[in-house]
Structure formats: C-alpha cells, structure tokens
Amino acid sequence: MIHTDILIIGAGLSGLLTASLLQQRRPGLRITILEARPNAGGRIRTLRAENTAPLEMGATWLTNDHPRLMALLNRLGLDVMPQYTGPEAVYEFSAAQAPQRVQLPPGESQSYRVKGGTDQIISALLKEFGPEQLICSSPVHSVSAQPSAGKESDGHGGLEVRTPDAVYSAALVISTLPPRLLANSVTFDPPLPEPFMRIASQTHTWMSDSVKAGFTYAGADPFWLKHGAAGTLFSNAGPLTEFYDHSQGGHYALAGFMHPDMAGQTTETRKKLALGQLTRLLGKPAADYQSYAECVWKDEVFTHSPFAGFLVPHQNSGHPVFREPLMKGRLILAGTETAASHPGYMEGAVESAGQAANSVFEYLGTSA
C-alpha cells in the first residue's frame, strides 16, 4: 500500500495543472499522478522529426476567447503564434467538381498555436514535479472506499486505488479521464450513482473520433505560397477534410484532419490517398514531402471508449452532473469534458483544473 494525500488519475493538461495549482497553495501536500500511457501529455501530442516543423496530432488551436489558457501560457513563459490561413482557401465541394478558390470571411477570430509546439505546455508543467510524483504505465482499474477508523464522520477513511502493479491509499482522488472512459474502464466500490453513470457513458470524448495527419516539406519557402496555391484546404470529398499551414521556425508543414471513416484504413492507404488529394489540389510539389505523421485517436485505448450508437460531438460535455460530489466528496472530476465553459477545448481543461483544485481546498477546509 502506497500512501499519498492526493492521487490524480491522468497526466494530461488537466491532471498536471491541477497538481501544479495544489502544490502552489499547499506545498506540503503529497501528490501522486498516475498515467496509463508511457508518457505524460494525454490529448496533447506533438510529433517531431529532425529538422522539420513539429506536427500537432492532438490539441492545437486557441483564441483570445480562451483567457485561462492564455494566462497559463504567460505564467509558463510560453508564446503563441498566429495560425496562418491566408485570404483564400481551396474548397472541394465534391469529388465530381473541380476545386474552387474561395475567399475566407474577413473578421474571423484569430486562431493561435503554441510556439514550439503544444507539448511545450506539458514539458513546462512537468518541471514542477519530482520524478517520484509521476508514475507512468499505470492504468487505474478500481477505486474503492476504505473503512473509516471511526475518527471521521463521512463513513470512510479515504480511497483505495488499484493499478496492475500497485495499490494506493489517498484522502482524495481526482480523475481527469474522459467521463465515458472513466465509466467504462474503472470499477467503483460503492458504485457511482446511476444518473452519473448514464450521463458519463453517453458523453462524447473530445478528439476520440479524430484522425489527424501531417506532411513536412523542405525548401526556402512553402511551395503552396510560392506557386500561388493556398495553405488552407476544406474538402467534402476527403480523405482530408481540413488542412492548414503548420509551418514555423523556418520549417514547413501542412497538417489537419482526415475524415473519421479513414480510421479503418492502413497507414499506407491513408498516406497514399492524402498525397493524391494534396497533389490534385495543390500541384505536384505536394508529393515531394520530407516526413509523414498521423494519429488515429480511435486506436488510443486510454482516450477512446467504443460506442455502438452515435454520440454528437460535445454531447453532454460540461454537464452539471460532473461537478457534483462523488464518493462523499472524496472523488473529484476534472478534464475538459467536465468544464462548465469551453468543454472539449484546452481552455476547458484549464478551467476544470482550477475547479478541481478549489474543490480540494474546500474539502480540506471542511474536514480540517
């Protein structure tokens, strides 16, 4: 049995930021973070090849409407860069029609990317913790109430958390797992309330349907500007549905989304079809790429939980049930889907971390 004060499930943006906020206000708290994957990051995933632009395969964009995330970046000393779209985009209405050049609407809210890669947020937060605080490759299987020693009035003396390799005892547990994944992969004793389980199991998981892909390119200038093409693509025909200029630091790239149906294809098929489409829309230079990267989020078992029916994007995200006390207040939820505002975005992940930290301080104040 490993004892800790606060145990956090998940080392993505919400989990690491929650731990950071707790340490800032209560430096003496023992905080342990369990991560199912071999590395921290969650749905932030930046892939890099030598001498190329970083490719974002997970969370990517933010706007000025995301003040909490902007404030966090400022605290961590990270900069943003505008997402270049250009005045025009290539739009493919259907496979039967020739692609068109369309004017992008003026006055659209400016989107930004994190300079150097979104994973810089994760790297900066990780510097705040000792190596013993983050335990990777440790998926949580169960959370159980421990019997009270009779000194507390809440009926139990903490929570027991089991992984394949260890058992942890914690006063409070914070889960940052997507609600649907939490409901389908973790066993609770006593069981969580039926209304919560029903809503959680019917909550869409941000990113889980996405197929992201990107190509890097060499050269002094991006060919899509040099040859008069546009670096912003929209297509109803696919396989690429949205593709954007991903260049930075003198390195050039295009990246974005494939149609979700492409998840069932092989990597080679996806790459071949994507190159064929880029060549058709942008010209032959598109085929002369340096590197290719992709991420099929449906294959990520620590993010995606299969669903036989259909979940509307953002379905039940931000539902009030995710902010109600669980296991007599000892189980607290965080994660972007639980946020009251901007659920399903990095801004929501940041907000949920602040809410979770406040819930911890409220509980500790009440129980003190």
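Can you tell me which of 145, 183, 200, 220 is outside any loop (DSSP other than H, G, I, E, B), over 25 Å from residue 17 (Cα atoms) and hydrophobic (A, V, I, L, M, F, W, C)? Residue meeting the stated conditions: 145. The test for being open to solvent by less than 30 Å² (accessible area, probe 1.4 Å), more than 25 Å from residue 137 (Cα to Cα), outside any loop (DSSP other than H, G, I, E, B) and at pLDDT 95 or above holds for residue 322.
Apart from one condition, residue 230 fits all of (1) closer than 30 Å to residue 243 by Cβ; (2) open to solvent by 10 Å² or more (accessible area, probe 1.4 Å); the exception is (2).
The lone criterion from (1) out of contact with any helix residue (DSSP H, G or I) (no Cβ under 6 Å at 6 or more places or on another chain); (2) modelled with pLDDT of 95 or more; (3) basic (Lys, Arg); (4) within 28 Å of residue 304 (Cβ to Cβ) left unmet by residue 48 is number (2). Of the residues that sit in the stretch 155-166 and are touching a residue at least 40 places away in the same chain (Cβ under 8 Å) and either hydroxyl-bearing (Ser, Thr, Tyr) or outside any strand (DSSP E or B) (or both), which one is farthest from residue 44 (Cα to Cα)? Per the stated criteria, the residue is 155.
Restricted to the stretch 1-116, the set of strands (runs of 3 or more DSSP E) holding at least 1 residues that are more than 18 Å from residue 246 (Cβ to Cβ) and of a type outside the set (Phe, Trp, Tyr) comprises 2-9, 31-34, 88-92, 100-103. Applying the selection to the stretch 242-258, what residues are modelled with pLDDT of 95 or more and surrounded by fewer than 16 Cβ atoms within 10 Å (Cβ to Cβ)? Result: 242, single match. Could you please let me know if residue 169 is modelled with pLDDT of 95 or more, assigned to a helix (DSSP H, G or I) and among the hydroxyl-bearing types (Ser, Thr, Tyr)? Considered against the rule, which asks whether it is modelled with pLDDT of 95 or more, assigned to a helix (DSSP H, G or I) and among the hydroxyl-bearing types (Ser, Thr, Tyr), residue 169 comes out as no. Residue 357 meets each of the listed conditions (1) touching a Gly at 6+ places or on another chain (Cβ under 7 Å); (2) surrounded by 18 or more Cβ atoms within 10 Å (Cβ to Cβ) apart from (1).
The values are calculated or read from the model by the stated rules, or taken from the named source; none is laboratory data. The structure presented is a predicted model; accordingly, all values stated were derived computationally and were not measured. For neighbour counting, all protein chains shown are included, and Cβ atoms are generated from backbone atoms with ideal geometry for every residue, glycine included. Note: accessible area is taken over every heavy atom of the protein model, side chains too, but ligands, DNA and RNA are not part of it. Shrake-Rupley method; radii C 1.70, N 1.55, O 1.52, S 1.80 Å.
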